[in-house]
Amino acid sequence: MRKALRLATKGLGKTHPNPYVGCVLVCRDELVGQGYHKAFGKAHAEVEAIEDAKRRLGASFDKCQVLTLYCTLEPCNHFGKTAPCTEIILKHSPPIRRVVIGTLDPNPLVSGKGVERLSRAGLDVSLGVLSRSCFQVNEDYFQWVRTRLPRVVLKAAVSLDGKIAAPDGSSKWISSKHGLSFAHELRLRADAILVGVETVIADNPRLTARDALGRVRKKPIRVLLDSHLRVPLDASIVADEDASKTWVFCSSEHDSARKEALLARGVSVFVAAGNSAVGGVDLGDVLRVLGSKEVVNILVEGGSRVLTSFILSGRYDTLYLNMAPKLIGMHGVPFIQETGVRSIEDALSLELAGIRRNGPDILIVLKKANPPCSQG
Ligand SMILES: NC(=O)c1ccc[n+]([C@@H]2O[C@H](COP(=O)([O-])OP(=O)(O)OC[C@H]3O[C@@H](n4cnc5c(N)ncnc54)[C@H](OP(=O)(O)O)[C@@H]3O)[C@@H](O)[C@H]2O)c1
């Protein structure tokens, strides 16, 4: 199952909106086939592994006494882009007699039905092997299936004194090359990247995932929060050849001529409710629209006001802070704006989930702390 999990992670960032799945086939303790789900619409992991085993074993495939199939996620039992995996497994049974599954699929079309179909057909089915790791690899997908809301990851490059930009607004680059490469790894896994309009005005980012040589590896959806459509019309995200992958959320008070100009470039413009607490557009509305458009996870890159909105509203799951050993001073742009905290007992608490050295920087992983139990 560990091997199957490693295979599943090869699909990270590529299978949207499908989950990551890895599968191996074992004959008398020997691995004879392996596969993973490579992209939406492509063969499922189980089919890849079975085909791999048939290629490797040739005529001996059918002569195997007992083949065990290990799969990180419950095999599907419905027609989607491809035929049900359960039927393909049964077509190869024997020799497949045993199926070991990491975790159930929460998708109501599948959940429990794959296990039931295989068990009813007489296969020996075990469920829950390395279930925690198998669950974690698809945490985003599972959450989206349950709530239809994307999982939200916040990320910022900060100085030692918690600034995300210098007093003149420049922030390229606070992080070392290690920090930048980690940021691009996060982008690679993201279905969408979200920023505020001030970040576009200050940095004109492209919001693509790139390798160390600057080659584009992935172009996620680019989401912009911009109540009045102030985004410069020559900004990369609305002027480049991928403008149709840019979704702008504005308020009802936007300038309609600018909206027309953006639509003419192929940009999508959504009118969201206002955010009464901190101004700008309502994040709940934004996330609902993104979830309905099958955005399973989103990376929020700032700037400061946007990060503050997400943190204060509690609409996030994980926060990555790449902290560089640099000092900017009190006139720099703070990582977080006004929070309303007046006394230390009201300070916002987060849960430290990890910390490691990242070249000369420190990478801090934080999770939203669970609210204290009201029943004492
Ligand atoms: N170090 C890093 O990791 C990093 C990353 C990104 C940016 N930066 C730096 O951050 C600076 C920009 O940050 P910033 O705080 O000034 O601006 P920002 O967060 O990029 O954008 C804020 C603007 O977004 C709009 N907005 C719409 N809905 C919002 C909502 N719900 N919550 C918050 N904002 C919303 C608002 O303008 P409207 O009212 O007009 O809609 C708001 O003023 C730049 O200097 C940039 O270089 C650093």
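The values are calculated or read from the model by the stated rules, or taken from the named source; none is laboratory data. What you are looking at is a predicted structure, and each value in this text was computed from that prediction instead of being measured. Neighbour counts are summed over all protein chains in view; Cβ atoms, including those assigned to glycine, are modelled from backbone coordinates with ideal geometry.
Surrounded by 21 or more Cβ atoms within 10 Å (Cβ to Cβ) and at pLDDT below 90: which single residue out of V66, V115, V110, V137 fits that description? Before the answer, list the steps.
Numbers: V66 fails: surrounded by 21 or more Cβ atoms within 10 Å (Cβ to Cβ); V115 fails: at pLDDT below 90; V137 fails: at pLDDT below 90.
Just one listed residue meets the conditions, V110.
Every residue, every condition in (1) touching a helix residue (DSSP H, G or I) at 6+ places or on another chain (Cβ under 8 Å); (2) not in a helix (DSSP H, G or I), yes or no:
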{"site": "D168", "(1), (2)": "no, yes"}
{"site": "I193", "(1), (2)": "yes, yes"}
{"site": "I201", "(1), (2)": "no, no"}
{"site": "R230", "(1), (2)": "yes, yes"}
Q | Per-region count, segment 145-164, residues within 15 Å of the ligand (Cβ to nearest atom) and assigned to a strand (DSSP E or B) | A | 10
Q: Mind listing whichever residues of segment 181-207 are of a type outside the set (K, R), at negative phi, without any contact (Cβ under 8 Å) to a residue 40 or more places away in the chain and surrounded by fewer than 22 Cβ atoms within 10 Å (Cβ to Cβ)?
A: S181, H184, E185, I201, D203
Q. Do we have R305 as basic (K, R), in contact with a Gly (Cβ under 8 Å, 6 or more places away or on another chain) and closer than 17 Å to K368 by Cα here?
A. no
Q: Could you grab me the full set of residues in segment 62-90 that are over 20 Å from G112 (Cα atoms) and assigned to a helix (DSSP H, G or I)?
A: D62, K63
Q | Residue among G284, G274, G302 that is on the phi > 0 side of the Ramachandran plot and over 16 Å from the mean Cα position of the chain (by Cα) | A | G302
Q: Select from segment 165-180 the residues that are within 8 Å of the ligand (Cβ to nearest atom) and loosely packed, with under 14 Cβ neighbours inside 10 Å and list them in ascending order.
A: S170, K172
**Q.** Identity of the residue in segment 314-350, among the acidic types (D, E) and away from the ligand (no atom under 15 Å from the Cβ), that ends up farthest from A165 (Cα to Cα)
**A.** E345
Q: Identify the single condition in (1) surrounded by fewer than 11 Cβ atoms within 10 Å (Cβ to Cβ); (2) within 14 Å of the ligand (Cβ to nearest atom) that I311 does not satisfy, given that it satisfies every other one.
A: (1)
Q: Kindly check whether there is at least one residue in segment 207-227 that is within 14 Å of the ligand (Cβ to nearest atom), in a helix (DSSP H, G or I), touching a strand residue (DSSP E or B) at 6+ places or on another chain (Cβ under 8 Å) and at pLDDT 95 or above.
A: no
**Q.** Residue list for segment 342-358, restricted to those being hydrophobic (A, V, I, L, M, F, W, C) and surrounded by fewer than 12 Cβ atoms within 10 Å (Cβ to Cβ)
**A.** I344, A347, L352
(Q) Tell me yes or no: at least one residue of segment 51-61 is touching a residue at least 24 places away in the same chain (Cβ under 8 Å) and not in a helix (DSSP H, G or I). (A) no
Q: Looking only at segment 100-117, decide whether some residue is part of a helix (DSSP H, G or I), under 30 Å from A324 (Cα atoms) and touching a residue at least 24 places away in the same chain (Cβ under 8 Å).
A: no
**Q.** Scope segment 255-289; condition surrounded by 18 or more Cβ atoms within 10 Å (Cβ to Cβ), in contact (Cβ under 8 Å) with a residue 12 or more places away in the chain and within 9 Å of the ligand (Cβ to nearest atom); matching residues
**A.** A272, N275, G280, V281, L283, V286
